[in-house]
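First comes the structure, then the notes that go with it.
The values are calculated or read from the model by the stated rules, or taken from the named source; none is laboratory data. Remember, it's a predicted structure, so these values are computed and weren't measured experimentally. Glycine also receives a Cβ, built like all others from the backbone with ideal geometry; neighbour counts cover every protein chain displayed.
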Amino acid sequence: MKTPKDKYMNDPEYHHFVSMIEQMIEQARFTPSELREMCMLACINYEMRHVREHAIDPRVNEAFKVLDDFVSKPRRGRR
């Protein structure tokens, strides 16, 4: 797998996008934290628009219930 630096050096679109982000930081239009937030929000928005239908196997669902009950139940004699 290529590193971000490799992609920056070899992929023109990747390079362009990184350069645009750098310019926004340089111009004090956004902070690095705001840019991270925007990227995460864009990913979340995309995922929300492209919901995939997956049925959860009832056995897996039951296993999650057992685990949830186990960690939620108060224990006696626990130190």
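Quick notes on this one:
- Note on the stretch 24-36: among residues that are surrounded by fewer than 10 Cβ atoms within 10 Å (Cβ to Cβ) and not small (Gly, Ala, Ser), the one that is farthest from residue 4 (Cα to Cα) is 27.
- Residues in the stretch 41-55 that are at pLDDT 90 or above and among the basic types (Lys, Arg): 49 alone.
- Residue in the stretch 2-12 that is at pLDDT 95 or above, surrounded by 11 or more Cβ atoms within 10 Å (Cβ to Cβ) and within 19 Å of the chain's Cα centre (by Cα) present: no
- Filtered residues of the stretch 37-79 (kept if surrounded by 10 or more Cβ atoms within 10 Å (Cβ to Cβ) and under 30 Å from residue 25 (Cα atoms)): 37, 38, 39, 40, 41, 42, 43, 44, 45, 47
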